[in-house]
Structure formats: structure tokens, C-alpha cells
Amino acid sequence: MHYNPWQRTHQFLNTFEDGSDATHADLVAEITQLLDGAIWSSDTLGFPDPSLVQELSSYASQVWLSDVHINQMLNLLSRELEDLGGSSDCNIREVFFADKLISIFKDPNRNYLTDRTSKWIRSLGDEFSTGKFHALAGVHHVNSLHWIAYAVDRVRKEIRVADSLGGSPPATLVKALQWWAFEHTGEKFVLGKLEIGKQSDSHSCGVFAVNAVAHFALPDLHPLVSQKDVALKRLQALRDVLLVHGQESVGFSFFY
Amino acid sequence: MADELENAPTQENELPVEPKAEDANTPINIKVVSSTGEEVFFKIKRNTKLSKLQLAYAQKIGKDVGTIRFLYDGERIQEDDTPQSLDMEENDAIDVMVEQVGGRR
């Protein structure tokens, strides 16, 4: 049962070893070592979403990425911001934030100020209004098949949305974010653009969306990704998730 | 599956527990709320692992539990979490989201 993802992953990695540049080859060698030390049927440690290590195989493929992968990459970005002391500038949210916000916004019996299940959204809004962070950014799932990026930018008073395939910003998301921002700041946020790389394949929107959020939060460290570098980005994400998993695992071995 | 939930918005589901301290044994009512607002109610003892509730909910809506995300106060519910460990209150709610995958528009 666990053999196929393992075999597919190594086959995919081998395609990079053959004829790829030194950056790819070094990364592949590093990932191979990390995979050799990981138990494929175990849980991926160090991330909020329960998931198995074998589910990480999606990074080393052209498979569509799930909310678990998107959350892992956003979590890595949050850690990076925290390490750099920049978490006060941008609050990175998992995919559930926008989903929950939209469900609150669309509820005709909305009782946002007292509803207990909205408490964590209200707390974030309070922190946003008091300047604990100046922007909030995340990734949202649209049309049941596509990942896009968004940011609530207090400095520019904008709801900024980015679609790697050039689609229009989804009205419901924009209205929900505008409502939430106004509810907490009393200020009107207009629609603005968020920078994002241009996607030309049929499977990489998740990578582009997370990169757009990273570029918004840390533009110097995360330049916009181009189509030719998407596979490398996926492998870097796999390496970084495996490193966190390894640090959290008991008995995990590194060979450097 | 959505219809099934809509048709039984107040149905209660009782889950078994291992008896411990008296207060931990006291059942509370918890509702599971989907992103479209559909609600399923459970009566559960405070020391019962919420993973049992998750399995029961998944069976009820006919989905694999691995494809459903359960959140409390915006955080993913973990394997060993119980109502007691999360300080849940009577009539508290758990949000559920379904697995999402994406690649292109």
C-alpha cells in the first residue's frame, strides 16, 4: 500500500537527477536522504493538519495540491516570518480562515459579535484593528478546483487578490474581506491587485498562490516564481516539510 | 449528503465513553457545523476523544474521515483532544471543512 507513492516519488526525483542543473541535483540528493529517514506510514509531524508522510509525495509530482499541502507551505512561511521577527507585519492564515469568514458573511442570521464559533475570527479582527499586524494574507479555494491568493492590506486599505491564471477576483471573497475589515477598522478597503507569477500549466496554481503570499510578506526573500521554476519550488517545499518533520520525530536520523 | 443533514438538523448522536471523574462523565451537547451551515448534534462525555465524534460524523455524511477537517476555535482538532481538554462548553460548535484540491481554473 505504501510502496507505490514511495516508488513514484523516487522515480520523479530521478528525472531531476538526470540532466538537471546543480541546484536541482543537490536538492534531490537532500530530499532522498530525508525520505530514507522518514517512515512513510507515520504522521507528518510539526504541522497542525494531521496527515501521513506518504501524502508528501504529491510535492514530487504534478498532482494537484490539497489544503493540507497549502497549509503546510503557509505554515513554513509563518515560521520564516517569526524567525525574521516580521510576524507583526503580516499574519499568514491557513485556508480555513477565508472559508469561515465567507460562511459568517453569507449567514442571513449572522450574529458576528456574539457567536461563539466566530470568536477566533473576531480576535484576529481585534488584533488587526489595534495594529498587532498590518496585513493578513492567505490562500483561498475557488470553483472547487483552483487556488488563489489574497491579502488584506491595512496600509493601502486594499483587499488584494491574485489569480495565477488571470481570473477575476471572486466577489464573495472580496465582499467578505471588505466587510470584515470594515467591521474592525471602520475603514473602507477597496479592491487592489496582488502580484503573482503567470501559470501556464494545469496543476501549479497552489504553488503560485503560496508564492504570491510569500512575495507579499517578504518580497526580497521570495521573488515571484516563474513557470519554469515551479517544480523546483515544489521540491523545496517537500524538503522544508521533511526537515520540520525530522526535527519533530524521535529517532529520525540526518546524514550530513 | 447535504440533503441528509438538512433533513436532520437536530438529530442527536450519543457516543460511548470510558467513565472517569464525575464532571468528566457529564455529557455535553456539541454541534458540528458544515461550511454551508448544516448542523449535526452530538451528545458526548467530556472525557471522550473527539476522534470518535469525527468518525461518527464522517459515517453519518458518508465520507472518509480523512477527507474532512474538524476545527475548534480555528484550530485543527488533534487525535487525543477531548471536550474537556479543549474547555468546550455546552452547545459549543465544531466547524467542518471538506478536503480541497486545486491545480487550475
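Name the residues in segment A:20-70 that are away from chain B (no Cβ under 14 Å) and under 16 Å from the mean Cα position of the chain (by Cα), would you? Passing the criteria: only A:Leu56.
Scanning segment A:114-125 finds no residues that are part of a loop (DSSP other than H, G, I, E, B), of a type in the set (S, T, N, Q) and over 20 Å from B:Ser34 (Cα atoms).
Say we look at segment A:52-105 and pick out the residues that are in contact with a Gly (Cβ under 9 Å, 6 or more places away or on another chain) and β-branched (Val, Ile, Thr); which of these is surrounded by the fewest Cβ atoms within 10 Å (Cβ to Cβ)? Per the criteria, the residue is A:Val63. Answer yes or no as to whether B:Asn29 is at negative phi and either part of a loop (DSSP other than H, G, I, E, B) or of a type in the set (Ser, Thr, Tyr) (or both). Criteria not met by B:Asn29. If you filter segment B:37-52 down to residues that are more than 13 Å from chain A (Cβ to nearest Cβ) and of a type in the set (A, V, I, L, M, F, W, C), you find that the one that is surrounded by the fewest Cβ atoms within 10 Å (Cβ to Cβ) is B:Phe41. Among the residues of segment A:139-168, those that are in contact with a Leu (Cβ under 7 Å, 6 or more places away or on another chain), of a type in the set (Val, Ile, Thr) and more than 17 Å from A:Ser66 (Cα to Cα) comprise A:Val152, A:Ile159, A:Val161. Restricting attention to segment B:53-104, the residues being facing chain A (nearest Cβ under 8 Å), under 13 Å from the mean Cα position of the chain (by Cα) and among the polar types (S, T, N, Q) number 1.
Take the residues of segment A:202-221 that are facing chain B (nearest Cβ under 10 Å) and surrounded by fewer than 24 Cβ atoms within 10 Å (Cβ to Cβ): which is nearest to A:Leu74 (Cα to Cα)? Among residues in segment A:202-221 that are facing chain B (nearest Cβ under 10 Å) and surrounded by fewer than 24 Cβ atoms within 10 Å (Cβ to Cβ), the one nearest to A:Leu74 (Cα to Cα) is A:His203. Taking (1) more than 10 Å from chain B (Cβ to nearest Cβ); (2) of a type in the set (Ser, Thr, Tyr); (3) in contact (Cβ under 8 Å) with a residue 24 or more places away in the chain in turn, A:Thr114 satisfies each apart from (3). The residues of segment A:136-159 that are more than 10 Å from chain B (Cβ to nearest Cβ) and not basic (Lys, Arg), listed by number, are A:Leu136, A:Ala137, A:Gly138, A:Ala149, A:Tyr150, A:Ala151, A:Val152, A:Asp153, A:Val155, A:Glu158, A:Ile159. For A:Asn109, indicate whether it is out of contact with any His (no Cβ under 8 Å at 6 or more places or on another chain) and exposed (fewer than 14 other Cβ atoms within 10 Å of the Cβ). Criteria met by A:Asn109. Is one or more of the residues making up segment A:50-61 part of a helix (DSSP H, G or I), aromatic (Phe, Trp, Tyr) and out of contact with any His (no Cβ under 6 Å at 6 or more places or on another chain)? Looking for residues that are part of a helix (DSSP H, G or I), aromatic (Phe, Trp, Tyr) and out of contact with any His (no Cβ under 6 Å at 6 or more places or on another chain), one finds at least one in segment A:50-61, hence yes.
Selection of first residues in segment A:40-65 that are at positive phi and in contact (Cβ under 8 Å) with a residue 40 or more places away in the chain and of second residues that are in a loop (DSSP other than H, G, I, E, B) and among the small types (Gly, Ala, Ser), restricted to Cβ pairs under 9 Å at least 6 apart or on distinct chains, gives the following pairs, ordered by first then second residue: A:Gly46/A:Ser249.
Please verify whether segment A:82-94 includes one or more residues that are under 21 Å from B:Ser34 (Cβ atoms) and either in the same structural domain as A:Phe208 (by TED's automatic domain parsing) or of a type outside the set (Gly, Ala, Ser) (or both). The answer is yes; a qualifying residue exists. Is one or more of the residues making up segment A:215-226 small (Gly, Ala, Ser) and within 17 Å of B:Arg105 (Cα to Cα)? So far as segment A:215-226 goes, no, none of its residues is small (Gly, Ala, Ser) and within 17 Å of B:Arg105 (Cα to Cα). Within the set A:Asp107, A:Asp126, A:Asp115, the sole residue that is at pLDDT 95 or above and assigned by TED's automatic domain parsing to the domain that holds A:Asp220 turns out to be A:Asp126.
The values are calculated or read from the model by the stated rules, or taken from the named source; none is laboratory data. All of these numbers come straight from a predicted model, not from anything done at the bench. FYI the Cβ positions are ideal-geometry reconstructions off the backbone, even for glycines, and counts take in every protein chain you see.
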